[in-house]
Amino acid sequence: MRFEVSQEFYFDAAHTLEREIEAAGSRRIHGHTYHARATVAGPRDPATGMVVDLGHLRVQLKKVREQLDHHLLDEVPGLGAPTMENLCLFIARKLREADFPVHAVEVWRKAGGDRCRLEMTPEDQLPGL
Amino acid sequence: MRFEVSQEFYFDAAHTLEREIEAAGSRRIHGHTYHARATVAGPRDPATGMVVDLGHLRVQLKKVREQLDHHLLDEVPGLGAPTMENLCLFIARKLREADFPVHAVEVWRKAGGDRCRLEMTPEDQLPGL
Amino acid sequence: MRFEVSQEFYFDAAHTLEREIEAAGSRRIHGHTYHARATVAGPRDPATGMVVDLGHLRVQLKKVREQLDHHLLDEVPGLGAPTMENLCLFIARKLREADFPVHAVEVWRKAGGDRCRLEMTPEDQLPGL
């Protein structure tokens, strides 16, 4: 038996991207509404009926959001190339730095239908960017 | 190769909750629209092209829904503290009692963006509440 | 650490289905808007910050979509009984035939809330239909 609890948020941001295909539009400064979800896995505490109170996760995610929302992602320190994969890594690293035992991070864009999921164990080293 | 088939439903319900943070609002009687999804895993029957006909699952979920929709969750027998984790357990136990081989249950609230997923094997004992 | 990237699309199609329950309506020619998602799993390339550029996946999915959208699914070669399970298999086979290393395919219908997920390893043989 395994529980996962998660919290979603969104941020609006600009970026550029170097790509092999769809190259010209990606190189222009443009923007997206990004949706993200952070997941914690663990046992349910019988006393509270919860894995963790998601209110604590929301406090951390608000801080992460401030570093991404209404920013040019190309210039966000520690993000690297502003891909969905690197956004997942960025959010995961920030939660770990705050001692939050994150199990998965997802980033997606509703309009285009693309999505990225990063799943990790506590032992996984997250690469610096 | 592994198939999972699932059925979503929703219910509107009231509850209160004892919490460390966001405590005052949670203690007042309030309500949410809950969304839930029950998942069955298994092989595909080559004769029907299905794992299981989801119409059968919908019949069971309708019965579970009647025990939650337009109720004060604090008073639902066997639910315990009305958290998303306990709602997942409740729905899973009801499906098992009806001999439905549930593999996962998810409960989420769209407005707030919080979500819980319970995954289980047939051997897992589901705790009573 | 594990990354999954995925692309969603939709198609509108007609079908009939032989079923034990909800039988009369299913036997009539009717239609649905289907949503589908194809997922690729793998490591992130540090040079690009991506698992794979989803633009490549979109090119393949456009070809798959043309074989399903605005068709009577009963008559689509190689689909078999037009269930969500067989639609997952169909999409997975077409992506493999195009040498795309698909890890999972999901098909769902928003109005009814039903969904199917097929997960596979590179070693899994996908049955012909």
Rg/Rg_globular for the range A:22-129, with Rg_globular taken as 2.2 N^0.38 Å and Rg from C-alpha atoms: 1.17
Rounded to the nearest 20 debye, dipole of the protein assembly as shown from Cβ charges on Lys, Arg, Asp, Glu: 640 debye
Peptide C:113-124 - average C-beta neighbours from other chains (10 Å radius): 5
Inter-copy separations for A:LEU72, label at 7 Å along Cα-Cβ, nm, ascending: 5.7, 5.7
Per-q log10 I(q)/I(0), the protein assembly as shown, q = 0.09, 0.11 Å⁻¹ (Debye; single scatterer per alpha-carbon; no solvent): -0.58, -0.87
Charge-dipole axis of chain A as Lys and Arg at +1 and Asp and Glu at -1 on Cβ define it, positive-most pick from A:SER26, A:MET1, A:PRO46: A:PRO46
Peptide-level mean, for C:78-85, of C-beta atoms on other protein chains within 10 Å: 4
Check: the range A:3-119 dipole with +1 on Lys, Arg Cβ and -1 on Asp, Glu Cβ, in debye: 140 debye
Using a 7 Å Cα-to-Cβ projection, C:GLU20 label spacings across copies, nm, ascending: 4.9, 4.9
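Excluding A:PRO77 itself, what net charge comes from residues whose Cβ is under 15 Å from its Cβ, given Lys and Arg +1 and Asp and Glu -1?
After counting each charged neighbour, the total is -1.
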The range A:1-83 - percent relative contact order, Cα under 8 Å, separation 6 or more: 40 percent
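What does the structure give for C:31-38 when I average, per residue, the other chain Cβ atoms found within 10 Å of the residue Cβ? List each step's numbers first, then the result.
Working: counts 0, 0, 0, 0, 1, 1, 3, 0.
Partner-chain Cβ atoms within 10 Å, mean over residues of C:31-38: 1.
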For the range C:1-83, diffusion coefficient by Stokes-Einstein and Kirkwood Rh (Cα), 20 °C, 1.002 mPa s, µm²/s: 143 µm²/s
Inter-copy separations for B:VAL59, label at 7 Å along Cα-Cβ, nm, ascending: 4.9, 4.9
Area buried, chain A against chain C - accessible surface, total, 1.4 angstrom probe, square angstrom: 1700 Å²
Rounded tilt (10° steps) of B:54-66 against the dominant C-alpha axis of chain B: 20 degrees
Rounded to 5, the percent of DSSP beta bridges in chain A classed as antiparallel: 95 percent
On Cα atoms only, tilt of A:84-97 relative to the major axis of chain A in degrees: 40 degrees
Cross-link reach list, lysines versus B:LYS110, counting only Cα pairs under 27 Å and skipping chain neighbours closer than eight places: A:LYS62, A:LYS63, A:LYS94, A:LYS110, B:LYS62, B:LYS63, B:LYS94, C:LYS110
At q = 0.21, 0.34 Å⁻¹, base-10 log of I(q)/I(0) for the range A:79-121 (Debye sum, equal scatterers on each alpha carbon): -0.66, -1.16
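The values are calculated or read from the model by the stated rules, or taken from the named source; none is laboratory data. Predicted, not measured: the structure shown is a model, and the values here were computed from it. Neighbour counts are summed over all protein chains in view; Cβ atoms, including those assigned to glycine, are modelled from backbone coordinates with ideal geometry. Ligands, DNA and RNA are excluded from the accessible area calculation, which covers all protein heavy atoms including side chains. Shrake-Rupley method; radii C 1.70, N 1.55, O 1.52, S 1.80 Å.
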